[in-house]
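Structure first, then comments.
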Amino acid sequence: MFRYLLPFMVILPSLTYSLISLWCAAKYFKGMGCRVQGTGKSRQNAFEVHCALSPAPCTLPVSILKPVKGMDADSYDNFASFCCQLYSGELQLIFAAASPDDAVIPVIRQLMDDFTNHDISLVINPALHGPNYKVSNLINAFPLAKHGIIIVSDSDISVEPDYLQSVVAHFIDPQVGLVTSLYRTSDVHGIATAVEAISFTAEMIPNVLVAQKLEGLTFALGASMAVRREALQAIGGFEALTSYLADDYQLGNKIRLAGWRIALDSCFVESVIKPESLMAVLSRQLRWARTMRVSRPGGYLASGITLAFPAAMFASLLAPSPVVGVAAVALLYGTRLSVGTIFSRRFVRDGLFPRWLWLLPLRDMLAFFTWALSFLGNRVEWRGSRFVLKPGGKIEELV
């Protein structure tokens, strides 16, 4: 009897985690009561309609810092989405680049010409304050920030017109030091980018919601991080992040350790990706995996028992007969595919499933190999530079 039960025991951690993530998501979105925006063309239509409406009252002034390097997909539209907010408070937008020859600078200048009634600045400063070039850009731009709420958002992010209203509302609670946002990708360009987009829907978002429900957030997501100026000063400013690769994780973790609360906003921002090869996607995934391994070694190692692919593989190998093995794998992936579809269609609304549902087993296989490979080295590539990871998540650039 034990031999027949063993394959089902092997899949139990992964299966249970999938169901827990679904429960956490249902609880979270029901509790927040926030709408989930549309995707694709419908998202553009919503953008145009919302921009034509009168802004709702809001008073907290905000400075948005945008570190940039090179062109992203739809760079102008991404930037413009921050200029068309239904927000009545003061809004400042600061772009920070290291080189006057950066290809994205003409796009920023065009934005400044098109939105002359907005407070938009461009800082070009090559000064380095550590091996993290993005944080150096933030440090160089920060003296221009006028306001008490500082938002850091990646350059490839597009937002809905009510993004600022939703995020800033959390700061009514004086204990909130940082607000971060979930992100998704709705438009993909073939299998490679679909694999990455699925990782957001089927891995990242469930993991964040489980962490939020079971222990509260101890980290931030780099797509959108809104921080109270006092909380940032309490950890030593952006200078405290210069030696780390995962500056988003460290920013959230340090603010939490300083006694502030981290809030998770329930309305998604959009990570706009460009066509890439599968190797480029996997290289980035490996960088993220190795970064998380050195940042949270114990938790990252333990996460291996929740991975679906090794569970399915061991269930097949340990089964006393092919029928039992197939039954165990079918139970696991029937659950996994169902949970992934619910996340995609009900909670994330990214439009990926069911069209790309067949890629989920492949994504699970790649996730396992990325997890395993993360333990076999400490070198990563980021924005054309190579680094070695040190204990605790610090980095050292390789010349």
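Computed over the Cα atoms, what is the radius of gyration of the stretch 82-166 divided by 2.2 N^0.38 Å, N being its residue count? Walk me through the numbers before you get to the answer.
Numbers: Rg = 13.3 Å, N = 85, 2.2 N^0.38 = 11.9 Å.
Compared with the compact-globule rule of thumb, the stretch 82-166 sits at 1.12.
For the pair Met279 and Ser121, what calculated FRET efficiency results from E = 1/(1 + (r/R0)^6), where r is the Cβ-Cβ distance and R0 = 45 Å, to the nearest 0.05?
That gives a FRET efficiency of 0.75.
Using a Förster radius of 45 Å, what is the FRET efficiency between Gln110 and Met365 based on their Cβ-Cβ separation? Nearest 0.05, please.
0.55
Please report, in debye to the nearest 20, how large the charge dipole of the stretch 32-277 is about its Cα centre when each Lys and Arg carries +1 at its beta carbon and each Asp and Glu carries -1 there.
On the way: 16 positive and 26 negative charges, 117 e Å.
So the magnitude is around 560 debye.
What does the highest-first list of 109-117, 203-211 look like by mean Cβ count within 10 Å?
Numbers: 109-117: 12.7, 203-211: 19.9.
The packing order, highest mean first, is 203-211, 109-117.
Among the complete DSSP H segments of the chain, which ones combine at least 24 Å of alpha-carbon extent along their axis with a mean Kyte-Doolittle hydropathy of 0.0 or more? Before the final figure, lay out the partial values.
Details: long enough: 2-32 (45 Å, 0.98); 278-295 (25 Å, 0.14); 322-342 (29 Å, 1.50).
Once both thresholds are applied, what remains is 2-32, 278-295, 322-342.
Taking Cα pairs under 8 Å and at least six residues apart, what relative contact order does the stretch 157-242 come out at, in percent?
Details: 51 pairs, mean separation 33.7, N = 86.
Once divided by the residue count of the stretch 157-242, the mean separation gives 39 percent.
Can you give the charge dipole size of the stretch 86-199 about its Cα centre, rounded to the nearest 20 debye, using +1 on the beta carbon of Lys and Arg and -1 on the beta carbon of Asp and Glu? Don't skip to the answer; put the middle values down first.
Working: 4 positive and 13 negative charges, 62 e Å.
That gives a dipole near 300 debye.
Tell me the relative contact order for the stretch 32-277 as a rounded percent, counting alpha carbon contacts under 8 Å between residues six or more apart. Mind dumping the intermediate values first?
On the way: 479 pairs, mean separation 63.1, N = 246.
Rounded, it is 26 percent for the stretch 32-277.
Would you kindly calculate the mean projected area, averaged across all directions, of the convex hull enclosing the Cα atoms of the chain, in square nanometres? It would help to have the intermediate numbers written out before the result.
Values: hull surface 78.5 nm².
Average projection, Cα convex hull of the chain: 19.6 nm².
Can you give the relative contact order of the stretch 260-399 as a percent, counting alpha carbon pairs under 8 Å and 6+ residues apart?
Details: 108 pairs, mean separation 42.6, N = 140.
Dividing the mean separation by the residue count of the stretch 260-399 yields 30 percent.
Over the alpha-carbon set of the stretch 248-399, work out the extent along each principal axis and list the three values in angstrom, largest first.
Sorted from largest, the Cα extents of the stretch 248-399 read 52, 38, 37 Å.
So how far apart, in nm, are the two label points at Met313 and His189 if each is 7 Å from Cα heading toward Cβ?
Those two pseudo-labels are separated by 3.1 nm.
Using a Förster distance of 41 angstrom, determine the FRET efficiency expected from the C-beta separation of Phe8 and Glu396, and round it to 0.05. Write down the numbers at each step before the final one.
On the way: r = 46 Å, r/R0 = 1.12.
Calculated value: 0.35.
Quick note: the coordinates plus some simple rules give every number you see, no bench work behind them. Just so it is clear, the structure is predicted and the values come from calculations on it, not from any experiment. All Cβ positions, even for glycine, are placed from backbone atoms using ideal geometry, and neighbour counts span all protein chains on display.
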